[in-house]
1. If you count, for each residue, the other Cβ atoms within 10 Å and average over each peptide, how do 319-327, 82-90, 99-107 line up from highest to lowest?
2. Output ³J(HN,Hα) for the stretch 347-353: one whole-Hz value per residue in order, computed from phi by the Karplus curve 6.51 cos²θ - 1.76 cosθ + 1.60 with θ = phi - 60°, and x for Gly and Pro.
3. Lys and Arg at +1, Asp and Glu at -1: add these up for the other residues within a Cβ distance under 13 Å of TYR58 and post the number.
4. For the stretch 341-396, state which trypsin sites (Lys or Arg not before Pro) are in a DSSP loop and have at most 15 other beta carbons lying within 10 Å of their beta carbon.
5. If you roll a 1.4 angstrom probe over the protein chains with everything in place, what fraction of the accessible area of the stretch 87-212 belongs to carbon and sulfur, to the nearest %?
6. Could you check the spin-label model distance between TYR314 and VAL156? Points 7 Å from the Cα along Cα→Cβ, value in nm.
7. Given the chain, what percent of its DSSP beta bridges are antiparallel, to the nearest 5?
8. Taking only C-alpha pairs under 8 Å that are 6+ residues apart, what is the relative contact order of the chain in percent?
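The values are calculated or read from the model by the stated rules, or taken from the named source; none is laboratory data. Please read all numbers here as calculations on a predicted model, not as lab measurements. As a convention, Cβ positions derive from the backbone with ideal geometry for all residues, glycine included, and neighbour counts pool all protein chains shown. Protein only, heavy atoms only, side chains kept; ligands, DNA and RNA dropped before computing areas. Shrake-Rupley method; radii C 1.70, N 1.55, O 1.52, S 1.80 Å.
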Amino acid sequence: MRVEQRVGRATPGCLAAATALLAALNGPASAQDRPQPAERPRARDSGVLVGGLPTGSYNAITDVSGVLVGHHTVWVGDSIRTGVTAILPHGGNLFQEKVAGAIAVGNGFGKLVGLSQVNELGQIETPILLTGTLSVFRAADALVDTMLAIPENRRVTSINPVVGETNDGYLSDVRARPVAPEHVRAALRQTHGGAVEEGSVGAGTGTRTHGWKGGIGTASRVLAESLGGYTVGVLVQSNFLGTDRGRLRIEGVPVGAELVRMEAERGWRPVLDRGTEPSGSIMIVLATDAPLSHRELQRLARRAFLGVARTGHYMYNGSGDYAIAFSTSSRPPESGGGLLSRLFLAAVEATEEAVINSLFKATPVTGFGGHRVEALPIDATLEILARYGVVSEGDQ
């Protein structure tokens, strides 16, 4: 884990607390035999511009100063395709330096550990972890162990870990519950700022979205200086509409329906069965440096679902859709309809682009039961978007 100073939140004990956390994370991570996939572009690098607000330097959740992200992929044999993704609001001892937070539930078919206390007290006191379903409890236990091991927390008797999941059971043997403490520690140890690895990595290793390979995606938006210049960053673990390739929309363009038509015309081999009951979920993590209260953060979190809906998701009966929002600011909350409305727009745009990035960056994966999920065909997608005028031929 790389320790970075937090603008506006540094305290004399911050570096010592972070050093203690590093000591608690000692220990080897398990070996991975994951093949190294070819690099794929992000949506914006391909000329696909989602929304109208400007992005941060990395177009990532880490554009919010102090926020760190790390992944550990658990890839074992031919049946385990899962992992852990860790998001830290700052690099210090979160239990001692809590951040304002809130969690919104779109559709509650999921196992998000820590929800009730976050929404009761309006604070987040641990790193946020994402993983595969049924491994969420083991990840939460490992996170508690890690926090208790920090000397500064030696008298702590209650910790509320925040751990979310999506069901990656098509590509990974979820009954094996393969995530172990060393995997959690490895994800925490590898957290850093700057560019964030996306696609089939960490908690996104075994996920699928819109009939293609899903995964981790991130994006950010920056408000005008007249509104404080605040940043909203989003990271998603996309895993919804795994068997329905017809609903994907990008900037309003019916890309999914067009790809299905092209598949029929060109004789492409179908990747997944159609007409089955929709399944899957999405975890969304929102960070901002705007000084917001718990209630305002909950309102911000709810807007993230609008961004997912813009890609074609409708939060069906079997989906688990959660948005976790936090503020890194230590200043008193600001209010004002103009600021909040702009932050809401930033959350919608960044969430939509994060989902699209998860599809653009994801690579094909073969896993449990011989199941294989192909990656979104970028060339065909850009061809469709160019036809609708969303991306020009010169941008490809």
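1. On the way: 319-327: 26.9, 82-90: 28.6, 99-107: 22.6.
Going from most to least packed, we get 82-90, 319-327, 99-107.
2. Calculated HN-Hα couplings, in order: 5, 5, 5, 5, 5, 4, 5 Hz.
3. -2
4. Details: sites: ARG342, LYS361, ARG372, ARG387; in loops: none.
Here no loop site has a sparse enough neighbourhood.
5. Roughly 46 percent, rounded to a whole number.
6. 4.3
7. Among the beta bridges of the chain, antiparallel pairing accounts for roughly 80 percent.
8. 24
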